[in-house]
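Structure first, then comments.
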Amino acid sequence: MGNAVPHPVLTDRFAQAFAFASVVHASQTRKGTATPYLSHLMGVASLVLEHGADEDTAIAALLHDAPEDQGGYAMLAQIKARFGDRVAHIVQGCTDTFEKKKPSWRKRKEDYIAHLEQADGATCLVSVADKLHNARSILHDLRQVGVEVFERFSATQDQTGWYYGGLARVFHRRLAGEEAEALANALRHAIEEIGNHKGCEAFRSGAERGLHNQSCP
């Protein structure tokens, strides 16, 4: 049972953001599953709240995929109008493309990793929570269906490993000494677990390249 606090972190704005995310992502499921996409957004919001997030950051966690998945810049403008500049800024910082016809996977991921090197703390917090939740989902599905899980992604297994390795490298540096450092460490651990799974040698090799700032395979 939780303790009552005189000035709660979350207000009606968070409830409104949750309702908005529920509508925006109503038709989506997690890749290759029947799991409602909202489960991912709830997981990311939970992680950031457990690691020092304020309400704006928690709202951004709920909405971090809305522009990329559901409307691009028009959706970002809606978020700004409903929830303010700071929420929109964090969401923008967590988005690797606003284009309906996306640039190549490799360019998007290289640019996003480079962007995180300079991103503000709230953006890094939402991003690391997002990537950790995704990595844990990959690990869960590996245990359920095996390496076929990688067939759900547009990148190869070693490219996916490279991306996660690069993210882990940046988060380790950017979040050192912060409350969210625990999330960066958990991401690194999840990456290692995926790489140690049978049939994931290419992922492990790619992750090592990313961790050592080497080029994408």
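The values are calculated or read from the model by the stated rules, or taken from the named source; none is laboratory data. All figures in this text were calculated on a predicted structure; none of them were measured in a lab. With ideal geometry, Cβ positions are generated from the backbone for all residues, glycine too; neighbour counts draw on all protein chains shown.
Quick notes on this structure:
- Looking across segment 124-182, just one residue is among the polar types (S, T, N, Q) and in contact with an Asp or Glu (Cβ under 9 Å, 6 or more places away or on another chain), and that is GLN157.
- From LYS107, LYS131, residue being of a type outside the set (Phe, Trp, Tyr) and surrounded by fewer than 17 Cβ atoms within 10 Å (Cβ to Cβ): LYS107
- Of all residues in segment 48-64 being at pLDDT 95 or above and assigned to a loop (DSSP other than H, G, I, E, B), the one that is farthest from the chain's Cα centre (by Cα): ASP54
- Cβ separations smaller than 7 Å between residues 6+ apart or across chains give the following pairs from segment 123-142 residues that are among the hydroxyl-bearing types (Ser, Thr, Tyr) to residues that are outside any helix (DSSP H, G or I): THR123/CYS94; SER127/CYS94; SER137/ARG30.
- Pairs with Cβ under 6 Å, 6+ apart, first in segment 97-119 and on the phi < 0 side of the Ramachandran plot and in contact (Cβ under 8 Å) with a residue 40 or more places away in the chain, second of a type in the set (Phe, Trp, Tyr) and assigned to a helix (DSSP H, G or I): LYS109/TYR163
- Criterion applied to GLY93, GLY84, GLY72 was being buried (at least 16 other Cβ atoms within 10 Å of the Cβ) and either on the phi > 0 side of the Ramachandran plot or touching a strand residue (DSSP E or B) at 6+ places or on another chain (Cβ under 6 Å) (or both), and the one residue passing it is GLY72.
- Residue match in segment 173-186 (condition: modelled with pLDDT of 95 or more, crowded, with 16+ Cβ neighbours inside 10 Å and under 13 Å from the mean Cα position of the chain (by Cα)): yes
- Any hit, segment 142-154, residues being within 15 Å of the chain's Cα centre (by Cα), of a type in the set (D, E, K, R) and part of a helix (DSSP H, G or I): no
- For segment 22-31, the candidate set comprises residues that are touching a Phe, Trp or Tyr at 6+ places or on another chain (Cβ under 9 Å) and surrounded by fewer than 18 Cβ atoms within 10 Å (Cβ to Cβ); within that set, the residue that is modelled with the lowest pLDDT is LYS31.
- Pick from segment 165-217, criterion in a loop (DSSP other than H, G, I, E, B), of a type in the set (A, V, I, L, M, F, W, C) and in contact (Cβ under 8 Å) with a residue 40 or more places away in the chain, ranking: farthest from THR57 (Cα to Cα): CYS200
- Number of the condition not met by ALA119 [criteria: (1) surrounded by fewer than 18 Cβ atoms within 10 Å (Cβ to Cβ); (2) outside any helix (DSSP H, G or I)]: (1)
- A single entry from ALA19, ALA77, ALA45, ALA15 fulfils the requirement of being at pLDDT 95 or above, surrounded by 16 or more Cβ atoms within 10 Å (Cβ to Cβ) and among the small types (Gly, Ala, Ser): ALA45.
- Matching residues, segment 78-104, being over 22 Å from ALA15 (Cβ atoms) and in a helix (DSSP H, G or I): GLN92, GLY93
- Pairs with Cβ under 7 Å, 6+ apart, first in segment 37-63 and under 17 Å from GLU179 (Cβ atoms), second of a type in the set (D, E, K, R) and part of a helix (DSSP H, G or I): VAL44/ASP130; GLU55/ARG13; ASP56/ARG86
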